[in-house]
């Protein structure tokens, strides 16, 4: 099963995406709607035909809405979503990482990378996340930890472990890093 993550340039509301999905004949999973009522970062699921599903994730922690299109052949459904909801290209995201100079820009770029969930290893992304994990700003470190968690690249596991043991990192950062080590399947990269 393949997955394609899309990060639209603008926030996507449940209502807006529901109208789009309804026009395409996709069926909403009502359990996801009920579960989302109580979530800070709700997730909604549609069945797009065959084994293809589309999840809309409105992530409060990443400050982005993103979509995960999954199935044996998710490409056509992902293309339809991209057409309706213009999304960031990977090259743009890598460029944002490379050009980020302020702490705020680094945090925003790292959260954007996290939302993409890029499965394959990319050296520029790796270098930016690694630098974020070593940054003196705790909020940049947290954004880098979020990126490592969402990317799940095996190359991040020793770096996150180092943060969890680092005397330079604050106690909260060490705790977050330690929790990530236990919660994350470092199965990509």
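The values are calculated or read from the model by the stated rules, or taken from the named source; none is laboratory data. Just so you know, these numbers come straight off a predicted model, no measurement behind them. We place every Cβ from the backbone using ideal geometry, glycine too, and count neighbours over all the protein chains shown.
A few comments on the model shown:
- Residue match in segment 75-85 (condition: part of a strand (DSSP E or B), more than 25 Å from residue 186 (Cα to Cα) and touching a residue at least 60 places away in the same chain (Cβ under 8 Å)): no
- Inter-residue pairs, beta-carbon under 6 Å, first under 15 Å from residue 11 (Cα atoms) and in segment 34-46, second part of a loop (DSSP other than H, G, I, E, B), 6+ apart: 41/60
- Residues (closer than 24 Å to residue 88 by Cβ, loosely packed, with under 15 Cβ neighbours inside 10 Å and in contact with a strand residue (DSSP E or B) (Cβ under 8 Å, 6 or more places away or on another chain)) located in segment 24-42: 41
- Given (1) more than 15 Å from the chain's Cα centre (by Cα); (2) closer than 18 Å to residue 62 by Cα, number of the condition residue 168 does not satisfy: (2)
- Residue match in segment 57-64 (condition: modelled with pLDDT under 95, at positive phi and either loosely packed, with under 12 Cβ neighbours inside 10 Å or not in a helix (DSSP H, G or I) (or both)): yes
- Taken as a whole, the structure places residue 105 among residues that are outside the structural domain of residue 59 (by TED's automatic domain parsing), closer than 20 Å to residue 59 by Cβ and surrounded by fewer than 20 Cβ atoms within 10 Å (Cβ to Cβ).
- Conditions (1) in the same structural domain as residue 8 (by TED's automatic domain parsing); (2) crowded, with 16+ Cβ neighbours inside 10 Å: number failed by residue 113: (1)
- Test result for residue 71, more than 17 Å from the chain's Cα centre (by Cα), under 30 Å from residue 15 (Cα atoms) and at pLDDT below 95: no
- Screening 120, 178 for residues that are surrounded by fewer than 21 Cβ atoms within 10 Å (Cβ to Cβ), part of a helix (DSSP H, G or I) and not assigned by TED's automatic domain parsing to the domain that holds residue 59 leaves exactly one candidate, 178.
- Output for segment 8-23, where each listed residue is more than 22 Å from residue 116 (Cβ to Cβ) and exposed (fewer than 15 other Cβ atoms within 10 Å of the Cβ): 15, 19, 22, 23
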